[in-house]
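Read through the structure below, which is laid out as structure tokens, and then see the notes.
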Amino acid sequence: MTAQYRVTVSVNGRSCEREVEPRLLLSDFLRHDLGLTGTHVGCEHGVCGACTVLLDGQPVRSCLMLAVQVDGHEVTTVEGLAPGPNELHPLQQAFWESHGLQCGFCTPGFLMTLVPFLEENPKPTEDEVRHALSGNLCRCTGYQHIVDAVLLAAERKGTE
Ligand code: FES
Ligand code: FES
């Protein structure tokens, strides 16, 4: 039998403790062990960005990390973005209004990449937004609605 390791991690502000195999991917841990299926898996080798989550506030590809690596850390998934059950995160709201959701499969990865980007760059140019999302693949359109959504969220933040 494969050895199991105890992982204690804060996920979306809640402490979780699980026994896991050392080879278990973080993406599988989130989806299968914790039931957080908002994190999607596309390429499974670090290219598409669909599996992006925050590790201690920084975006990481959860398909390239092992669950044991997040022991003692904080993970945020797309389920942890909204402040409440009937509320959206401001970037989710802007995605909705700008039709940035598109196919939906890639959306969690876009959000988890762009939320920390906007925190670090509250007034980005369009070029900066396009550069920030260049690591997240979308095959359905030309990214325009996603760019519009990020610029709308930034504009609103600037007028708060
Ligand atoms: S599934 Fe992780 S980068 Fe594509
Ligand atoms: S948003 Fe998923 S393929 Fe375009």
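Condition check ((1) surrounded by fewer than 20 Cβ atoms within 10 Å (Cβ to Cβ); (2) closer than 20 Å to PRO116 by Cα) across all residues:
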| position | (1), (2) |
| --- | --- |
| GLY42 | yes, no |
| GLY46 | yes, yes |
| THR52 | no, yes |
| VAL68 | yes, no |
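For the stretch 9-42, give me the residue count where each residue is touching a residue at least 24 places away in the same chain (Cβ under 8 Å) and not in a strand (DSSP E or B).
16
Just name the residue that is nearest to ligand 1 (Cβ to nearest atom) out of those in the stretch 89-121 that are at pLDDT below 95 and surrounded by fewer than 21 Cβ atoms within 10 Å (Cβ to Cβ).
Looking at the filtered set, the residue picked out is PHE105.
Every residue in the stretch 1-40 that is under 21 Å from the mean Cα position of the chain (by Cα), among the β-branched types (Val, Ile, Thr) and surrounded by 15 or more Cβ atoms within 10 Å (Cβ to Cβ), please.
Hits for the stretch 1-40 are VAL7, VAL9, VAL11, THR39.
Between residues in the stretch 69-94 that are under 14 Å from GLY109 (Cβ atoms) and touching a residue at least 24 places away in the same chain (Cβ under 8 Å) and residues that are of a type in the set (Ser, Thr, Tyr) and part of a loop (DSSP other than H, G, I, E, B), which pairs lie under 7 Å by C-beta distance while being six or more apart or on different chains?
From the stretch 69-94, the pairs are THR77/THR39; VAL78/THR39.
Which pairs turn up if I take residues in the stretch 137-158 that are free of Cβ contacts under 8 Å to residues at least 60 places away in the same chain and look for partners that are β-branched (Val, Ile, Thr) and within 16 Å of ligand 1 (Cβ to nearest atom) with beta carbon separation below 9 Å, at least 6 apart in sequence or on another chain?
ILE146/THR107
What number of residues within the stretch 104-151 satisfy the criterion of being farther than 19 Å from THR76 by Cα and of a type in the set (Asp, Glu)?
The qualifying residues number 4.
Can you say whether HIS99 is within 16 Å of ligand 2 (Cβ to nearest atom) and in contact with a Phe, Trp or Tyr (Cβ under 7 Å, 6 or more places away or on another chain), as far as the supplied structure shows?
So HIS99 fails the test.
Scanning the stretch 131-145 for residues that are surrounded by 15 or more Cβ atoms within 10 Å (Cβ to Cβ) and over 18 Å from VAL53 (Cα atoms), which turns out nearest to ligand 1 (Cβ to nearest atom)?
Looking at residues that are surrounded by 15 or more Cβ atoms within 10 Å (Cβ to Cβ) and over 18 Å from VAL53 (Cα atoms), I get TYR143.
Which numbered condition in (1) modelled with pLDDT of 95 or more; (2) over 16 Å from PHE29 (Cα atoms) is the only one that ASN86 fails?
It fails just one condition, (1).
ALA50 - would you say it is within 16 Å of ligand 2 (Cβ to nearest atom), within 17 Å of LEU137 (Cα to Cα) and either in contact with a strand residue (DSSP E or B) (Cβ under 9 Å, 6 or more places away or on another chain) or at pLDDT 95 or above (or both)?
Criteria met by ALA50.
The values are calculated or read from the model by the stated rules, or taken from the named source; none is laboratory data. Being a predicted model, the structure only gives us computed values, none of them experimental. No Cβ is skipped: glycine too gets one built from the backbone with ideal geometry, and neighbour counts run over all protein chains shown.
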